[in-house]
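J.: My questions will all concern the structure given below.
Bear in mind these aren't lab numbers, they're just calculated from the coordinates by the rules spelled out. Quantities reported herein were computed from a predicted structural model and do not represent experimental measurements. Note that we place each Cβ from the backbone using ideal geometry, even for glycine, and neighbour counts take in every protein chain shown.
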């Protein structure tokens, strides 16, 4: 994951916010925000979504470096986000600039049910399981998906993807509007 702390700090200051105000907007502690801004801590996906929502940008804002991006994303050129515990890997299958839909390959490596909190964001999403099994929890309702199954939901509802066994699960997701 690239160092994004300085970009968060620059954007926060450009919006005339101090750390305490960003803390109130996100529900994250001032200490955590300070550590993230100094690249001392890698934020969780949930924390990052709270920050981007409060600052009015998408996750892509922190990862886009070029403005002339090809329509093709080669396998070895994907942007990849790995969670701190390495059980969740997000590979972006769409270019990062000026798009209206997001396409992501998600790998759940082994048992992940302890690692992430449910999130919500504007839009809709749908997913398809390529390999293994997963559980999608939407507003506390559990949906078990196996290889070949798909799901669609309103992503303003809290949701989380989980894997309850030691086998890898690989799924592909489309989300609109992009939240990363």
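J.: Taking every pair of alpha-carbon atoms in region 75-176, what share in percent sits in each 10 Å bin, from 0 to the bin with the longest distance?
T.: Result, from short to long distances: 16, 50, 32, 3 percent.
J.: Kirkwood Rh over Cα pairs of the chain into Stokes-Einstein at 20 °C, 1.002 mPa s: D in µm²/s?
T.: On the way: Rh = 17.1 Å.
Roughly 126 µm²/s, to the nearest whole number.
J.: Angle check, please: helix 5-14 long axis (alpha carbons) against the longest principal axis of the chain (alpha carbons), in degrees 0 to 90, nearest 10.
T.: The answer is roughly 50 degrees.
J.: Quick one: order 50, 86, 131 by neighbouring beta-carbon count within 10 Å, fewest to most.
T.: If I rank by nearby Cβ atoms, fewest first, I get 86, 131, 50.
J.: What distance in nm lies between label points placed 7 Å from Cα along the C-beta direction at residue 29 and residue 150?
T.: Rounded to a tenth, the inter-label distance reads 4.4 nm.
J.: Going out from 0 in 5 Å bins, what whole percent of all Cα-Cα distances in region 5-63 drops into each bin?
T.: 4, 21, 37, 30, 8
J.: Taking Cα centroids, how far is region 129-172 from region 1-35 in Å?
T.: 31 Å
J.: I need 25, 59 ordered by Cβ neighbour count within 10 Å, fewest first.
T.: Ordered from fewest to most neighbouring Cβ atoms within 10 Å, 25, 59 come out as 25, 59.
J.: With labels modelled as points extended 7 Å from the Cα through the Cβ direction, what inter-label distance (nm, one decimal) is found for residue 78 paired with residue 122?
T.: It is 2.7 nm.
J.: Right, next: Can you sort 100, 107 from fewest to most other Cβ atoms within 10 Å of each residue's own Cβ?
T.: Ordered by Cβ neighbours within 10 Å, fewest first: 100, 107.
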